[in-house]
Amino acid sequence: MGTKVEGIPNEMQAFQVVEYHKPHQLNTVKTPQEIGEYDLLVKTAVASLCHTDSMVQEGMFDGGLPRTGSHEGTGKVVQVGSKVKNFKAGDRVMSGIPKN
């Protein structure tokens, strides 16, 4: 069961692949209304597109569409899941690809 998101706008902007082999589109999407117990909700300040995003655009990764671009970004934590221990609202963070 997730944590209800409070005080967050209902919509946000997302740069998405909506069709393979086509340019990304800037869309308005619903902001998550619940986050998982181990999740962070981050208000992104800066994000970038890289080679991996072009691979998604070309259909090299399965996962369905639409797909929001950028796994490289920075911002501030606005909500933490109930089991998150090392972060709190207001912390500055960087998003990246997790290593196994």
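Some values worked out for this structure:
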read-out: Condition broken by Thr74, with the remaining ones in (1) open to solvent by 70 Å² or more (accessible area, probe 1.4 Å); (2) of a type in the set (S, T, N, Q); (3) in contact with a Lys or Arg (Cβ under 9 Å, 6 or more places away or on another chain) satisfied; value: (1)
read-out: Residues satisfying the stated conditions in the stretch 53-71, i.e. surrounded by 15 or more Cβ atoms within 10 Å (Cβ to Cβ) and more than 19 Å from Val93 (Cβ to Cβ); value: Asp53, Val56, Gln57, Arg67
read-out: Single condition Lys43 does not satisfy, out of (1) open to solvent by 90 Å² or more (accessible area, probe 1.4 Å); (2) out of contact with any Lys or Arg (no Cβ under 6 Å at 6 or more places or on another chain); value: (2)
read-out: Boolean, Glu11 is of a type outside the set (Lys, Arg), modelled with pLDDT of 90 or more, open to solvent by 90 Å² or more (accessible area, probe 1.4 Å) and over 20 Å from Thr74 (Cβ atoms); value: yes
read-out: Condition check for His24: at pLDDT below 95, under 15 Å from Gln13 (Cβ atoms) and not aliphatic (A, V, I, L, M); value: yes
read-out: Matching entry among Pro23, Pro9, Pro32 (being assigned to a loop (DSSP other than H, G, I, E, B) and under 13 Å from the mean Cα position of the chain (by Cα)); value: Pro32
read-out: Near pairs, Cβ below 8 angstrom, 6+ apart or cross-chain, from the stretch 1-17 (within 27 Å of Asp53 (Cβ to Cβ) and in contact (Cβ under 8 Å) with a residue 24 or more places away in the chain) to any residue that is among the small types (Gly, Ala, Ser) and part of a strand (DSSP E or B); value: Phe15/Ala47
read-out: Residues of the stretch 49-76 that turn out to be within 12 Å of the chain's Cα centre (by Cα), outside any loop (DSSP other than H, G, I, E, B) and not acidic (Asp, Glu), as a count; value: 5
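The values are calculated or read from the model by the stated rules, or taken from the named source; none is laboratory data. Quick caveat, the model's predicted, so the values are computed rather than measured. With ideal geometry, Cβ positions are generated from the backbone for all residues, glycine too; neighbour counts draw on all protein chains shown. Surface accessibility is based on the protein's heavy atoms, side chains included, excluding ligands, DNA and RNA. Shrake-Rupley method; radii C 1.70, N 1.55, O 1.52, S 1.80 Å.
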